[in-house]
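The values are calculated or read from the model by the stated rules, or taken from the named source; none is laboratory data. Just so it is clear, the structure is predicted and the values come from calculations on it, not from any experiment. Quick reminder, even Gly has a Cβ in these numbers, built from the backbone with ideal geometry, and neighbours come from all protein chains shown.
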Amino acid sequence: MNIDRTKLSQAAQNAMPSGVRRMFELARQYPDSINLTLGEPGFRTPEHVIDAAVKGLRQGKTKYTPNAGIRDLRVSIANKLWRENSIKCDPDKNLMVTGGATQGLMLAIATLVDPGDEVIIQGPNWPDYRGQLDTVGAKTVFAKVTEENEFKMTADVIEPLITDKTKLIIVNSPSNPTGGVLDENDLKGIAELVKRYKIFVISDEPYEKLVYDGFVQKSLAAVDDGLEDYVITVNSLSKTYAMTGFRVGYILANERIMTEMIKLQEFMIASIPEPMQMAAIEALDHGEEDVREMVEYYDRNRHLIVDGLNRINGFSCVCPKGAFYVFPNITGFGMSSVQAAEHILEKTHVVTAPGSAFGPDGEGFIRICYASKYEDIQEAISRMEKAFGTKKSKR
Ligand SMILES: Cc1ncc(COP(=O)(O)O)c(C=O)c1O
């Protein structure tokens, strides 16, 4: 049988264009638009972190590194995991450096999942999970979370979805797009489930330190004994240290899984640029004050946006405890989430992301990122108040 040699792969053809990107394109026509869509810190990367990268370049650290990353960074990560998460690990056996959490997730998924396997993720979800799972031919199963339950993907939401084909669960706390968090009890429930059913879990934790109201985010791997056979932790410096462009993240896993991942890393990216790895050491070892300041700033923004939205007709917004997103309910507009996001853009030139960009369970919501400037959020709220009126002064 002849094959069509010009046909592109099914994975590429099936990939869905980003619903967030589309809003960007529409926003181009408004020069005064305020963009609250992109999940990226508004802060400049701390100067001492930039200096560390520049120093690396000047020292000629411009060659390949080991697939697992430079040992000094793995030691810094191991120290961080012990200091902050009470996780003991061997930097030579359990850790590797990745190209942000995005590449770490792709690597972990490619290592754990075969075509046809079912993978449970939260719905609404960060869209890249779905894209990555489609790429390896896995079937995505959505565990729907609701605002009534503060958007938590708890064990009782997951368990009914487990079948003979379930291979992996992806847990994400604090969560993108909802800002929801799982506390220690929630994580213990998931840990119990995982051990009972012997299912792998990826715990994707890039927003770990972006938490408010005194909430402390525990790492899933640390909440129970005997989880090392099942839990793979993915983390990243992108959000915490305003280092999205550095593309540095890491994975913690047991030696059996790690050995396979390091082999695959050779085929995917070989290694992460060494100056960026040096910057990561600087951030992990000396960046705590920067993080504290950024989290304080985000917290002020969080109150501003939640209070503001809850005053305005059409919105109802749960106050999230983590990340830098709010996920307000917009059913009050009587439109789909795409229509509502476009309506908001048209009337106020404020760019938001429709909830449906985060999977079918995101319908009825929009996502707003509040990691930008306080003044921009103030202005966005003021424009929306003017356009839609406040709940007290109904038009
Ligand atoms: C839940 C979640 N995981 C992982 C990532 C990837 O981040 P990075 O690749 O920059 O580390 C993001 C980025 O938006 C995210 O929201």
Of the criteria (1) within 16 Å of the ligand (Cβ to nearest atom); (2) closer than 20 Å to residue 87 by Cα; (3) in contact with a helix residue (DSSP H, G or I) (Cβ under 6 Å, 6 or more places away or on another chain), which one residue 174 fails: (3)
Residue in the range 133-149 that is farthest from the ligand (Cβ to nearest atom), counting only those that are in contact (Cβ under 8 Å) with a residue 60 or more places away in the chain and of a type outside the set (A, V, I, L, M): 137
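Yes/no per residue for (1) within 16 Å of the ligand (Cβ to nearest atom); (2) modelled with pLDDT of 95 or more; (3) more than 30 Å from residue 75 (Cα to Cα); (4) outside any helix (DSSP H, G or I):
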position: 102; (1), (2), (3), (4): yes, yes, no, no
position: 122; (1), (2), (3), (4): yes, yes, yes, yes
position: 131; (1), (2), (3), (4): yes, no, yes, no
position: 151; (1), (2), (3), (4): yes, yes, yes, yes
position: 169; (1), (2), (3), (4): yes, yes, no, yes
Test set (1) surrounded by fewer than 22 Cβ atoms within 10 Å (Cβ to Cβ); (2) in contact (Cβ under 8 Å) with a residue 40 or more places away in the chain - residue 68 fails condition number: (1)
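Collect the residues in the range 249-269 that are among the polar types (S, T, N, Q) and either in contact with a strand residue (DSSP E or B) (Cβ under 6 Å, 6 or more places away or on another chain) or under 14 Å from residue 78 (Cα atoms) (or both), keeping them in residue-number order.
Going residue by residue through the range 249-269, those that are among the polar types (S, T, N, Q) are 254, 259, 265.
Matches in the range 249-269: 254 only.
Yes or no: residue 31 in the same structural domain as residue 337 (by TED's automatic domain parsing), over 19 Å from the mean Cα position of the chain (by Cα) and either acidic (Asp, Glu) or at pLDDT 85 or above (or both)?
Judged against the criteria, residue 31 is a match.
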Filter result (loosely packed, with under 15 Cβ neighbours inside 10 Å and in a loop (DSSP other than H, G, I, E, B)) within the range 39-60: 44, 59, 60
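Suppose we filter the range 66-81 for residues that are within 23 Å of residue 170 (Cβ to Cβ) and assigned to a helix (DSSP H, G or I); how many remain? Can you show your working first?
Residues of the range 66-81 that are within 23 Å of residue 170 (Cβ to Cβ), as a first pass: 68-69, 77, 80-81.
After this cut, where a residue has to be assigned to a helix (DSSP H, G or I) as well, the list is 77, 80-81.
Looking only at that region, the number is 3.
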The range 294-311 residues that are closer than 12 Å to residue 373 by Cα, paired with ones that are among the hydroxyl-bearing types (Ser, Thr, Tyr) and part of a helix (DSSP H, G or I) (beta carbon under 6 Å, 6 or more apart): 301/374
Only one of 95, 107 that is more than 15 Å from the ligand (Cβ to nearest atom), buried (at least 20 other Cβ atoms within 10 Å of the Cβ) and in contact (Cβ under 8 Å) with a residue 12 or more places away in the chain: 95
Hits in the range 133-149 - residues which are hydroxyl-bearing (Ser, Thr, Tyr) and either in the same structural domain as residue 331 (by TED's automatic domain parsing) or at pLDDT below 95 (or both): 135
Lone qualifier among 308, 314 - being over 21 Å from the mean Cα position of the chain (by Cα), farther than 15 Å from residue 239 by Cβ, in a loop (DSSP other than H, G, I, E, B) and of a type outside the set (Ser, Thr, Tyr): 314
Test: residue 291 is free of Cβ contacts under 8 Å to residues at least 60 places away in the same chain and of a type in the set (A, V, I, L, M): no
Whichever residue in the range 82-92 is over 29 Å from residue 159 (Cα atoms) and part of a helix (DSSP H, G or I) and, among such residues, is nearest to the ligand (Cβ to nearest atom): 84
